[in-house]
1. Go through the residues of region 229-237 one by one and say whether even a single one is in a helix (DSSP H, G or I), within 11 Å of the ligand (Cβ to nearest atom), open to solvent by less than 40 Å² (accessible area, probe 1.4 Å) and within 22 Å of Leu107 (Cβ to Cβ).
2. Which members of region 320-337 meet the condition of being touching an Asp or Glu at 6+ places or on another chain (Cβ under 9 Å) and touching a residue at least 24 places away in the same chain (Cβ under 8 Å)?
3. Got at least one residue in region 327-335 being over 17 Å from Thr112 (Cα atoms) and either open to solvent by 40 Å² or more (accessible area, probe 1.4 Å) or touching a Pro at 6+ places or on another chain (Cβ under 7 Å) (or both)?
4. What's the number of the only condition in (1) within 16 Å of the ligand (Cβ to nearest atom); (2) open to solvent by 10 Å² or more (accessible area, probe 1.4 Å); (3) within 27 Å of Ala160 (Cβ to Cβ) that Arg281 fails to meet?
5. Open to solvent by less than 50 Å² (accessible area, probe 1.4 Å) and either among the basic types (Lys, Arg) or in a loop (DSSP other than H, G, I, E, B) (or both): which single residue out of Gly113, Gly128 fits that description?
6. Counting only residues that are closer than 24 Å to Arg36 by Cβ and more than 14 Å from the ligand (Cβ to nearest atom), which one in region 248-275 is farthest from the chain's Cα centre (by Cα)?
7. Would you call Ala90 aliphatic (A, V, I, L, M), open to solvent by less than 30 Å² (accessible area, probe 1.4 Å) and in contact with a Ser or Thr (Cβ under 7 Å, 6 or more places away or on another chain)?
8. On the given criteria, is Ala326 at pLDDT 95 or above and more than 17 Å from Glu249 (Cβ to Cβ)?
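The values are calculated or read from the model by the stated rules, or taken from the named source; none is laboratory data. What you see is a predicted model, and the numbers here were worked out from it, not measured in a lab. Cβ placement follows ideal geometry from the backbone for every residue including glycine, while neighbour counts extend to all protein chains displayed. Quick note on the areas: whole protein, heavy atoms, side chains included, nothing else; ligands and nucleic acids left out. Shrake-Rupley method; radii C 1.70, N 1.55, O 1.52, S 1.80 Å.
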Amino acid sequence: MTATICGTGSYIPSYTMDNHDIARMVETSDEWIRERTGVVRRHIIREETTVSMAAKAARRALENADVLPEELDLILVSTISSNVILPCAACEVQREINAVNATCFDLSAACTGFVLAYNTALAYLAGGIYRTALVIGSESLSNLTNWKDRGTCILFGDGAGAAVLRADGGPETAAEDSGLEAGYYFPVTHSDGSKGSALTCKSRHDFNGLTDADRQGCPENMTDESHYMQMDGQAVFKFAVKRVPEVIEEVLALNRISTDEISYYILHQANKRIVEAVAKRLGEPIEKFPMNLQEYGNTSSASIPILLDEMNREARFAAGQKLVLAGFGAGLTWGASIVEWHR
Ligand code: UT7
């Protein structure tokens, strides 16, 4: 059995900060940011939260898929920036949209998170365990950004994207058949924890080493810079331009698909130069690599589903087309999946 994406949705906060706004906060310029990253502006939460954006993206995806909330068996939220720890963001979304029959949990894998959440949902559906799943990437990275650090604050933004996946075949098929068949594509994913120091963010709930006095007041280590994202930009850049083309080649070879059969590569939107380098290394035309990072910056696990939703709503996909989704980021983690479009 396999499953297909039957609807997408997204939510973007209306408040924006352009590069000139950033240049008033740190020593940088619109020109530098555009040239080195491609980012022009980013959308930042005001009233919104990771959960509220996820719920709005979810509603839009369900509407687009023509699926009722009660039909959902699974809600998976990929996030590193949830406003809630307990209950998980996925349970909060369930409550918001009234998806009473869904099993809900979160997944934390930074910018590879949506690809891993998609793979997880697909495995449940392909295995006949669930029939209908909602996969969401939602991030409020502005809360984790050190607005005094020009090495990171130029890059990130907030937003949410979602996709509804449905198992192919009738309910009786789901019960009887858990074999994989044509139309199921194996993903390829990797992790390298030994390189984790390239991109870090310490939890505000890490109380290790605090004194009793700290616990009663405002602990010093709760305000230090390690609670914001810290990045060795060059190391992450080099990792991405090497590993992303490799994993795309791996996933194509595993599924015996040639680059000619791929209509679009939907890459995590981290940096225009990374996307261009991946296209070049694969020997593929840049037109196959849609980008929207100029408008949103890097929204971590939300970037792939936001781009998917924009392209879906612009009717840029046709039934039968194959897409590659590829994520990469903190962990380090990276991975690629093939999606056959069926809407
Ligand atoms: O989601 C996945 C995780 N993140 C990423 O994928 C990000 C990957 N890395 C990057 O996108 C890039 O490394 C950055 C955009 C973060 C930085 O670009 P870069 O081309 O690697 O710049 P750099 O760190 O090598 O710095 C080049 C120069 C330095 O000056 P000198 O030493 O050449 O005089 C920096 O001090 O640019 C300077 N610089 C800046 N100048 C103006 C660094 N940041 C800035 C800035 N504005 N914001």
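1. Within region 229-237, one or more residues are in a helix (DSSP H, G or I), within 11 Å of the ligand (Cβ to nearest atom), open to solvent by less than 40 Å² (accessible area, probe 1.4 Å) and within 22 Å of Leu107 (Cβ to Cβ).
2. Taking region 320-337 and keeping what is touching an Asp or Glu at 6+ places or on another chain (Cβ under 9 Å), we get 320-323, 331-334, 336.
Residues satisfying the conditions are Gln321, Lys322, Leu323, Gly331, Leu332, Thr333, Trp334, Ala336.
3. Going through region 327-335, the residues over 17 Å from Thr112 (Cα atoms) turn out to be none.
Scanning region 327-335, I find no residue that is over 17 Å from Thr112 (Cα atoms) and either open to solvent by 40 Å² or more (accessible area, probe 1.4 Å) or touching a Pro at 6+ places or on another chain (Cβ under 7 Å) (or both), so the answer is no.
4. (3)
5. After applying the criteria, what remains is Gly128.
6. Only one residue fits best here, namely Ile248.
7. no
8. Spelling it out, it is not the case that Ala326 is at pLDDT 95 or above and more than 17 Å from Glu249 (Cβ to Cβ).
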